Amino acid sequence: MEYLFYRKESQNINQVDLALESQYTFKLWHPEISSIVPSGIPLTPFAAWWVMHYLHVFRNSGYGLFLVYHGRALVHRSGIFPGYFRFPFMSGDDLQIGDIWTHPDHLRRGIASFAVQQIILSKGRAGRNFWYIVKRGNLSSIRVIEKAGFVKVGKGERVKRFGLRLPGFFRIIQER
C-alpha cells in the first residue's frame, strides 16, 4: 500500500474564512486524567493514545482531538498527534493531523476542511510543521489537505517491525 506524505509549515499559515453551518458545534479536546475520551468517542484505540500521552511516548504534549457535533451526535473527529516511533520523520515539535472521520450523512459540507483549518490556527507556532499521511487514491482526503495548503513532500509505505503491523512505522521512500 502506497501512502502520500503532506506537510505544512506554521509560518505558511493563511487564515481562510471557513465556517460551519449553524446546526454544528465544535470543540478542541485535550486529555485529562479524568477524561480518557470525550463524549461520542470509543475507548479503542483512543484510550491507548491517552496512555501514550501520559507515559510521554509522544515527543510533545500536543495530542488532542477536534470534534464536531450535530446536536449531541458526534459527526466528525480529527486526531492531532505528536511524533512518536511510528513517525520517525517528524521533528520534536511537529504534529500530524490524522484519523479523520466524518459521518456519511454529513459529508461534503466542509466539515473536514474547517477542522483542519482550526487545528492549524490553534496549534500553529514558529518552527512547527503539520503532517498528513493519506493512502494513495483517497481523493477526498487529498482534496481536503491540499485545499488547506499542505504540500506533498513524498511517497512512502507502512513498514512492519518484528513482523508485526502495530509496532511498525511510516517511511518516506521517495521525496518529492
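Here, each number is a calculation from the coordinates, and none is a lab measurement. Values in this document were obtained by computation on a predicted structure and should not be read as measured data. We place every Cβ from the backbone using ideal geometry, glycine too, and count neighbours over all the protein chains shown.
Quick rundown of the values:
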item	result
Among I133, I36, I111: highest mean-square fluctuation, GNM of the chain, C-alpha pairs under 10 Å	I36
Rounded to whole Å, sorted largest first: equivalent-ellipsoid semi-axes of segment 28-96, Cα gyration tensor	23, 13, 9
For segment 51-63, 3J(HN,Hα) per residue [Karplus equation, 6.51 cos²θ - 1.76 cosθ + 1.60, θ = phi - 60°, Hz, x = Gly/Pro]	4, 4, 4, 6, 8, 6, 6, 5, 6, 8, 9, x, 4
Proximal aspartates and glutamates to K147, defined as alpha-carbon separation beneath 15 angstrom and excluding residues fewer than eight positions away on the same chain	E9, D17
Residues with amide H under 5 Å from that of D94, placed H, sequence gap 5 or more	G83, N129
Relative contact order (percent, whole number), the chain, Cα cutoff 8 Å, 6+ residue spacing	31 percent
Those trypsin sites (Lys or Arg not before Pro) in segment 1-88 that DSSP places in a loop and that have at most 13 other beta carbons within 10 Å	R72
10 Å binning of all Cα-Cα separations within the chain, expressed as whole percents from 0 upward	9, 37, 39, 14, 1
Sorted by Cβ density within 10 Å, fewest first, the residues M52, M1	M1, M52
